[in-house]
Each structure stands twice: as structure tokens, then as C-alpha cells.
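Below is one structure, written out as C-alpha cells; comments come after it.
The values are calculated or read from the model by the stated rules, or taken from the named source; none is laboratory data. Keep in mind the model is a prediction, meaning the values are calculated, not measured. Neighbour counts run over all protein chains shown; Cβ positions are idealised from the backbone, glycine included. To get the accessible areas, we keep the full protein, side chains included, count just its heavy atoms, and leave off ligands, DNA and RNA. Shrake-Rupley method; radii C 1.70, N 1.55, O 1.52, S 1.80 Å.
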Amino acid sequence: MKNKLQQIICCYIIFYALYSVSTRFVPTTVLWEGPAADILYKSIVIGGGILSLFCLYILRNSRRPDAQTILLGVFILVLGISSLLNYKYELAGNILGLVTFASQLILFYFLPKIMKEDRLMRCLRFTAFFTSFFWNIACAASLWQYIKNIHYTILNPEGHRIRQGIVDGRLFGLFSDPNFAAFTSLILILLLLFTIRKTSFFPLKVYCWASIVINTCYIIMSNSRTIFIAAAGTILFTVVLITYRQHLSRGETGMGRFFIQSAKRGLAALAAMIAVYSLIFFPLRQIGQMMEPERAVNDMVREDVDTDNITNNRSTIWKNYLSLYKEKPLFGFSVRSALPYVTDKYPDSYLAETQYVTHNGYLSLLVETGAAGFCVMGAFFLLVFLQSLKKLRQKDTVSENYLFFASLTVSILIFLMCFHDVFFTVNIETMLLYTAVGYLHCTNKGSLAGQSA
């Protein structure tokens with residue numbers, strides 16, 4: 001039964017990832033808008049819920065829960081209390097958000113406990129292959145729109161205007177949001193690099209490198225400052241982590257040489273990033289100019305930001321949500337009640353008129369679960385961080401898989417600084433974050449599947 005369940009979970013993960021990225025691609029979003037979208041979303045949640053129950057059944061005889069597991073249980077309780085306290089606004093949506101969070105957390109966070117490490121890695125490589133195949137086509141089509149200077153707006157089934165092609169100095173392409181699209185490309189690049197490292201099948205390596213080039217081109221032409229920061233942060237973190245691992249393996253005790261090597265390699269990595277950016281951005285812009293000479297010379301200059309609005313309205317959004325948070329500071333507004341509440345109570349306010357989400361995952365956590373939920377989740381991540389730090393300081397104990405999941409976690413946590421909807425929704429980032437943190441925790445505790453704690 002356990003082997004069959006692992007196969008089903010692997011298929012579910014691939015389907016989950018494909019569904020997630022398809023919601024960011026406008027043609028597929030329009031294709032199954034309405035009842036079809038609702039059915040697909042709820043199928044994901046229900047399927048995850050059923051699989052999470054099987055996971056709990058398999059783990060029923062495990063030793064008593066550790067501190068992290070207790071904290072996650074307390075967080076689910078806090079989220080449940082928040083949902084009940086906000087029953088007047090989107091109760092059904094809040095309950096669905098609670099179920100979505102709980103089922104995904106149980107399934108993905110505890111996955112490393114029930115699925116052996118080699119199978120888990122193989123499952124993620126399959127996920128990278130199938131997801132990138134779909135995403136490569138979307139990125140290539142979007143890059144072609146840039147070269148041909150295609151730009152237009154369409155109405156989605158809800159009547160909202162969706163920008164497509166090259167607009168406001170950014171390559172939306174065929175995606176609904178260039179920031180989410182670029183970050184999808186970034187995490188796929190991480191998965192593909194890991195696949196290259198683990199496979200000896202040459203055609204697959206060629207495919208992975210070609211996919212990395214396509215996705216890198218889209219990231220650069222998306223002109224997303226957030227993703228540039230996330231990419232730089234991930235690369236610098238990985239460089240420092242690898243340098244520290246080598247420092248320990250050589251038996252060195254002084255930290256001076258480690259800091260010097262980290263600084264040198266970090267600067268070299270940033271220089272390489274700038275070089276790659278230049279080698280892709282300027283030739284693509286020149287090709288675009290040759291294909292469509294009438295296009296504007298400054299077509300890749302951001303028009304939505306300036307010296308008076310350097311954060312693209314995010315600072316205003318954050319200030320308004322912090323003011324709103326003060327009305328329910330302990331348990332917050334739950335998953336989907338904040339905007340309905342402010343629209344009802346303050347119809348002329350900035351948030352009611354714009355209907356903007358928080359654009360910050362940590363602020364979302366604070367507003368939706370209050371100080372109680374924010375502190376509990378903060379304590380959870382703090383414990384994982386401290387245990388990982390202790391693990392990293394041990395000589396010859398960190399595997400490549402551990403480095404990969406640590407870098408993946410850091411990348412997503414950086415991304416959360418400017419974007420929302422990771423903790424409580426169906427996103428590929430959600431699945432990878434919970435799985436990565438679960439793997440780090442299990443490795444720290446020696447409780448991976450097949451290990452004895």
C-alpha cells in the first residue's frame with residue numbers, strides 16, 4: 001500500500017504543478033474559466049486532503065510530535081479560530097482556505113517522512129521535466145511577442161483587462177503577471193539545474209540546458225526587479241553555503257579565509273549575472289529593433305515606476321494593510337475576509353477602491369492570522385533555521401539534496417517579500433516550500449524515510 005501511495009502522490013505532485021503554472025498562462029486560464037476552474041481547484045484540494053489523510057494513517061505510530069509539528073498544529077487552530085471570528089465575511093472561502101492549507105501542509109511537509117529520498121528526488125525531476133515542457137512553450141511564445149513588438153489587451157471572463165505582449169517596459173507575453181511568470185521560470189531553473197546534476201542521460205541534459213536558456217531569457221525580458229533580487233539573493237546564498245561546506249570539509253577553523261572566499265565568489269557570481277544579462281538583453285533588443293524598426297527605442301524602460309513611486313504602489317498598499325490590521329490584531333481577518341471587510345466598512349478607502357492584495361507574504365500572514373498566527377509561524381521557521389544552522393556547522397553532514405532544498409527555501413522566502421498567496425493557496429511555490437522545509441527538518445532530526453531518528 002505504501003509503495004502504491006507514493007506513486008499516486010508523485011502523479012498528484014506533477015498534476016498539481018501543471019495546474020498551478022497553467023493558471024498563470026492566459027490562454028489556459030481563459031479556457032477553463034468559470035465552473036471548470038472551480039472544479040479543478042476543488043479537485044486539487046480534495047485530492048490533497050485524501051492523500052494527507054493517508055499520510056497521517058501511515059505516520060500514526062510515529063513517535064510523539066516534536067516542537068515544530070506542535071507549532072504547526074497550533075497555527076492550524078489559530079487559523080480555524082480566525083475563520084470562525086470572521087464568519088460574516090467569506091466564511092465558505094475562509095474554511096476552504098483552512099482546508100487547503102492543512103491538507104497541503106500535511107501532505108508536502110511530511111512527504112520526506114514517508115517517501116524515500118531517492119524517490120522524492122526522482123519525483124521532483126519528473127515534475128521539472130513535465131512542467132518545464134509546458135512552460136518553455138509559453139516563454140518562447142512570449143519572447144516571440146517581444147521580438148515582433150506585439151502588445152494588446154483582452155478582457156477575461158470576469159471583465160477585467162489583461163495586458164499581453166510588451167507593455168509598459170515589461171514583457172507580459174502570454175502571462176497574466178510577469179512577476180509570477182518570471183519567478184516560475186526561476187524555480188524551474190533551480191529544478192532543472194538539480195536535474196542536470198543528478199542525471200547521466202545526455203539528451204535530458206541538453207533539454208535542461210535549452211530550457212534554462214529559454215527561461216533565463218524570459219526572466220531578463222520580464223524586467224521584474226523582484227525576481228532580479230530573488231535570483232541574486234538565491235545565488236549569493238548558495239555561493240556562501242557551498243563555500244562554508246568546503247571550509248568545513250578542509251578542517252579549517254579560522255573564519256577569515258571563509259569570509260574572504262565568500263566575498264570573492266559572491267562578487268564573481270554577481271559579475272556573471274550582469275554578464276549573462278548583457279549577453280541576452282541587448283542582443284534581443286537589437287533583434288527586436290531589426291524586426292520592427294518602428295518600435296520605441298525605450299520600449300524596455302519601466303513606465304509604472306519613477307522616483308516618486310519606486311515601489312510601484314507597494315508602500316502605499318502595505319501602509320493601508322497595516323492600518324487595517326490594527327482593527328483585528330490578535331487573530332486577524334482569516335484567509336479571504338480582509339477585502340470584503342474593508343469594502344463593507346470603508347467603501348471609499350484605498351483598498352476598497354483598488355481591491356489590491358497585500359503584495360507581501362509576511363504581511364498577508366499578519367493580516368490574515370493576526371499576531372497569534374504570525375508569532376507561531378515565525379517560531380516555526382526560527383526553529384527550522386536554528387536546527388539547520390546547527391546541521392551546517394557539522395563537518396561532512398550536508399548533502400547536495402540539502403543544499404538544493406535550502407537554496408529553494410531561501411528563493412521562495414525572498415519572493416514572499418513582494419508577493420502574496422503562498423501559504424494558503426494552490427501554487428507550485430507552496431508545494432516546493434512545504435516539501436523543502438519538511439526535508440530540511442527531517443534531515444536535521446534524522447527522520448527521513450528509511451532513517452531511524
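Within the group Val426, Val410, Val422, which residue is under 22 Å from the mean Cα position of the chain (by Cα), at pLDDT 85 or above and part of a loop (DSSP other than H, G, I, E, B)? Don't jump to the end; show me each part of the working.
On the way: Val410 fails: part of a loop (DSSP other than H, G, I, E, B); Val422 fails: at pLDDT 85 or above.
Within the list Val426, Val410, Val422, the selection yields Val426.
What is the one condition in (1) surrounded by 13 or more Cβ atoms within 10 Å (Cβ to Cβ); (2) assigned to a helix (DSSP H, G or I) that Leu389 does not satisfy?
(1)
For a quick check of your reading of the model, give me the residue pairs whose first member lies in the stretch 209-221 and is touching a residue at least 60 places away in the same chain (Cβ under 8 Å), whose second is aliphatic (A, V, I, L, M) and surrounded by fewer than 24 Cβ atoms within 10 Å (Cβ to Cβ), with beta-carbon atoms closer than 6 Å and at least 6 apart or on different chains.
Correct list of pairs: Ile214/Ala140; Asn215/Ile189; Cys217/Leu143; Cys217/Ile280; Ile220/Ile280.
Residue by residue through the stretch 23-55, note down the ones that are of a type in the set (A, V, I, L, M), modelled with pLDDT of 85 or more and within 26 Å of Pro178 (Cβ to Cβ).
Val26, Leu40, Ile44
At least 2 residues that are farther than 22 Å from Arg295 by Cβ and in contact (Cβ under 8 Å) with a residue 60 or more places away in the chain in each: list the strands (runs of 3 or more DSSP E) lying fully within the stretch 119-177 that qualify.
It comes to none.
Considering each residue of the stretch 191-209, count those that are of a type in the set (A, V, I, L, M) and either in contact with an Asp or Glu (Cβ under 7 Å, 6 or more places away or on another chain) or open to solvent by 50 Å² or more (accessible area, probe 1.4 Å) (or both), and give that number.
Number of matching residues: 2.
For the stretch 64-113, how many residues are acidic (Asp, Glu) and surrounded by fewer than 18 Cβ atoms within 10 Å (Cβ to Cβ)?
Residues flagged as acidic (Asp, Glu) and surrounded by fewer than 18 Cβ atoms within 10 Å (Cβ to Cβ) within the stretch 64-113 amount to 1.
Before we move on, is Ile274 in a helix (DSSP H, G or I), within 23 Å of Ser224 (Cβ to Cβ) and without any contact (Cβ under 8 Å) to a residue 12 or more places away in the chain?
For Ile274, the condition - in a helix (DSSP H, G or I), within 23 Å of Ser224 (Cβ to Cβ) and without any contact (Cβ under 8 Å) to a residue 12 or more places away in the chain - is met.
What pairs can you find where one residue is in the stretch 28-50 and on the phi > 0 side of the Ramachandran plot, the other is surrounded by fewer than 16 Cβ atoms within 10 Å (Cβ to Cβ) and not in a helix (DSSP H, G or I), and their Cβ atoms are less than 7 Å apart, with a gap of 6+ or different chains?
Gly34/Pro157
Confirm whether Phe25 is crowded, with 18+ Cβ neighbours inside 10 Å and closer than 30 Å to Gly165 by Cβ.
Yes: the conditions hold for Phe25.
What residue, of Val276, Val297, is β-branched (Val, Ile, Thr), surrounded by 11 or more Cβ atoms within 10 Å (Cβ to Cβ) and out of contact with any strand residue (DSSP E or B) (no Cβ under 8 Å at 6 or more places or on another chain)? Quick ask: steps written out before the conclusion?
On the way: Val297 fails: surrounded by 11 or more Cβ atoms within 10 Å (Cβ to Cβ).
Only one candidate qualifies: Val276.
Looking only at the stretch 311-326, decide whether some residue is under 15 Å from Ser224 (Cα atoms) and among the β-branched types (Val, Ile, Thr).
Yes: one or more hits.
Collect the residues in the stretch 334-351 that are closer than 26 Å to Gly80 by Cα, in contact (Cβ under 8 Å) with a residue 12 or more places away in the chain and part of a helix (DSSP H, G or I), keeping them in residue-number order.
Listed by number, the residues that qualify are Ala338, Leu339, Pro340, Tyr341, Val342, Thr343, Asp344, Leu351.
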